[in-house]
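Asks: After the structure tokens below, expect a handful of questions from me.
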Amino acid sequence: MKKSMAVAVMLGVLAPAAWAQSSVSLYGRIDAGLEYLNNVTTAPGQTSTRWSAEGGDWGTSMLGLRGNEDLGGGLAAVFNLETALQVMNGTTGGGRLFSRRAYVGLKDDTWGQLQAGLLWHAIGDTLERVVAGYALALVIGTAAGLLVARVPPLRAAAGSVITGLQTMPSAAWLPFAIILFGLST
């Protein structure tokens, strides 16, 4: 009995040292509430009120684990496991555990992060940036085109610049865009 107690005390003393090397977080959000409706039509000419439980009105309920482990030299192992929750019936979203995010990866201070797994959030972030970029280009390009077309002195002054820019391949603008907007999230 004394040996097992000594081992337990030893593990208790060493546990904080092991804990200091890594970080694991449990996070989540629960969106649940009550809904009250009045003047609900029940039959022609008749109304009543109704109370009901609701979930997901202000966002997806979710539960997740996120963590990293320092591997030394600026390198760290990272992971994120996240699932959507249906508050009204207790099931997970999509019928799968970790339906929202599930990845592991390596993160380096110099080279960035490499991930493998379920990466829908990365696809969403990328599409959001692409759509925002096209929308911005559409607004600026349309306004500039209309302005140049409607103002003859501006058309004469900008004509040679526009002609010169049209000969430039689209891919040549990529380094300029990276410098201007960056690559980080």
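Asks: With a point put 7 Å past each Cα toward its Cβ, work out how far residue 71 is from residue 89 in nm, to one decimal.
Replies: 4.1 nm
Asks: Another question, then. Using a cut-off of under 13 Å, list every residue of the stretch 62-93 whose amide N is near the label point 7 Å from the Cα of residue 120 along the Cα-to-beta-carbon line.
Replies: In the stretch 62-93, the label zone of residue 120 (backbone N under 13 Å from the point 7 Å along Cα→Cβ) covers 62-63, 82-86, 92-93.
Asks: Could you give the nm distance between label points at residue 158 and residue 137, where each point is 7 Å from its Cα heading toward the beta carbon?
Replies: The two pseudo-label positions are separated by 1.7 nm.
Asks: For the stretch 123-181, what is the largest minus smallest coordinate of the Cα atoms on each principal axis, given in angstrom and ordered from greatest to least?
Replies: 44, 21, 16
Asks: Please compute the contact order of the chain in relative form: average sequence separation of alpha-carbon pairs under 8 Å and at least six residues apart, divided by the residue count, as a percent.
Replies: Over the chain, the number comes to 12 percent.
Asks: Here's another thing I want to ask about it. Quickly work out the residue 150-to-residue 24 label distance, labels modelled 7 Å from Cα along the C-beta direction, and quote it in nm with one decimal.
Replies: Roughly 6.2 nm, to one decimal.
Asks: While we're on this one: Could you work out the relative contact order of the stretch 84-165? I mean the mean sequence separation of Cα pairs under 8 Å and 6+ apart, divided by the number of residues, in percent.
Replies: Result for the stretch 84-165 is 14 percent.
Asks: For the chain, take the convex hull of the Cα atoms, compute a quarter of its surface area, and give me that in nm², please.
Replies: 23.7 nm²
Asks: Of 58, 111, 173, which has the largest mean-square fluctuation in a 10 Å C-alpha GNM of the chain?
Replies: Per the Cα network of the chain with a 10 Å cutoff, 173 tops the list.
Asks: With a length cut of 18 Å (Cα positions projected on each helix's long axis) and a Kyte-Doolittle mean of at least -1.0, go through the chain and give me the DSSP H helices that pass.
Replies: 2-19, 120-150, 152-166
Asks: Could you derive backbone 3J(HN,Hα) for the stretch 90-102 from the dihedral phi with the Karplus parameters 6.51, -1.76 and 1.60 (θ = phi - 60°), listing whole Hz in sequence and x where the residue is Gly or Pro?
Replies: Listing the rounded values in order: x, 8, 8, x, x, x, 10, 6, 6, 7, 9, 9, 7 Hz.
Asks: How much length is gained if the chain between residue 174 and residue 97 is pulled fully straight, taking 0.36 nm per residue apart and subtracting their Cα-Cα distance, in nm to one decimal?
Replies: 23.8 nm is the gain from fully extending residue 174 to residue 97.
Asks: Of the peptides 36-48, 146-158, 93-105, how do they stack up when ordered by the mean number of other Cβ atoms within 10 Å, highest first?
Replies: Per-residue Cβ counts within 10 Å, averaged per peptide and sorted highest first, yield 93-105, 146-158, 36-48.
No lab work stands behind these numbers, since they all come straight from the coordinates. Worth saying up front: this structure is predicted, and the values here are computed from it rather than measured. For neighbour counting, all protein chains shown are included, and Cβ atoms are generated from backbone atoms with ideal geometry for every residue, glycine included.
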